[in-house]
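K.L.:
The structure follows.
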Amino acid sequence: MPARLTIDYPDSELRISIRPEVHRVMNIEIVPPHAENKFHTVTAGLLPLAILKSLQLSDGKFTSMYYDTWPLRGHVKGAIKPWETLLLSLVSLDLFVGMDKEYGRTAETGNSFYTSLLPWNRKASDMNDFARFLRFYDWKL
């Protein structure tokens, strides 16, 4: 929620820590200038999400980070979670439960970005409509 971050020092930086191996965000913090850094820091620029659909491979060819055909359209390649599929697919009525997805309009990505395992809450918990998602989880912003 960037609009809610409090920055107490001018020239502070936003530090996002990425978990090794899985490359998922593990911490976000505002860091004052000249703060001690115990991590390996890589400065990264902001790029549009669309760039993930045309990643350059080592052989010079390009590929998308996402599958583009049914039944996996809009899911991240190679991100299937066998244990989640085994344990939660029947309950959630989703064979690809827990699998990372493309964040974008459901009509374009081919699947919703729901956050509730209950099938009847899929639309209300879909992060593609962020305002509705926040109301569903009773955020009072």
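K.L.:
Stokes-Einstein D for region 36-106 at 10 °C, 1.306 mPa s, Kirkwood Rh over Cα pairs, in µm²/s?
P.N.:
Value of D from the Cα-based Kirkwood radius: 108 µm²/s.
K.L.:
Stretch HIS34-ILE51 to full length: gain in nm at 0.36 nm per residue minus the Cα-Cα span?
P.N.:
Going from the current span to full extension adds 2.9 nm.
K.L.:
Please determine, in degrees from 0 to 90 and to the nearest 10, the orientation of helix 82-92 with respect to the longest principal axis defined by the Cα atoms of the chain, where the helix direction is its Cα long axis.
P.N.:
60 degrees
K.L.:
Still on this structure: For region 5-53 and region 66-141, write down the distance between their C-alpha centroids in whole Å.
P.N.:
So the separation of the two Cα centres works out to 26 Å.
K.L.:
Now a separate question. Amide H to amide H, which residues 5 or more places from TYR66 or on other chains are under 5 Å from it, using H placed in the peptide plane?
P.N.:
Placed amide hydrogens put LYS77 under 5 Å from TYR66.
K.L.:
Also, quick follow-up: On alpha-carbon atoms, Rg over Rh for the chain using Kirkwood Rh? Intermediate values should be presented prior to the final figure.
P.N.:
Details: Rg = 18.2 Å, Rh = 18.0 Å.
The Rg/Rh ratio comes out at 1.01.
K.L.:
Let me ask something else about it. Given labels modelled 7 Å from the Cα in the Cβ direction, how far is it in nm from LEU134 to ILE18?
P.N.:
2.8 nm
K.L.:
Under 24 Å Cα to Cα from LYS61, which lysines show up? Leave out anything in the same chain fewer than 8 places away.
P.N.:
Candidates past the 8-residue exclusion: LYS53, LYS77, LYS101.
K.L.:
Arranged from highest to lowest average of other beta-carbon atoms within 10 Å per residue, in what order do the peptides 94-102, 44-52, 15-23, 66-74 appear?
P.N.:
By packing density, highest mean first, the sequence is 94-102, 66-74, 15-23, 44-52.
K.L.:
What lysines sit close enough to LYS140 to cross-link, taking a C-alpha to C-alpha distance under 23 Å and skipping anything fewer than 8 places away on the same chain?
P.N.:
Excluding near neighbours in sequence, the set is LYS123.
K.L.:
Can I ask one more? Leaving out ligands, DNA and RNA, what percent of the accessible area of region 1-123 is carbon and sulfur, probe 1.4 Å?
P.N.:
Details: 6020 of 9920 Å².
Whole-percent figure for carbon plus sulfur exposure: 61.
K.L.:
May I ask you to give the solvent-accessible area per residue for the chain, in square angstrom, as obtained with a 1.4 angstrom probe?
P.N.:
79 Å²
The values are calculated or read from the model by the stated rules, or taken from the named source; none is laboratory data. Since the model is a prediction, treat every value here as computed from it, not as a measurement. Using ideal geometry, Cβ is built from the backbone for each residue, glycine included, and neighbour counts are taken over all protein chains shown. To get the accessible areas, we keep the full protein, side chains included, count just its heavy atoms, and leave off ligands, DNA and RNA. Shrake-Rupley method; radii C 1.70, N 1.55, O 1.52, S 1.80 Å.
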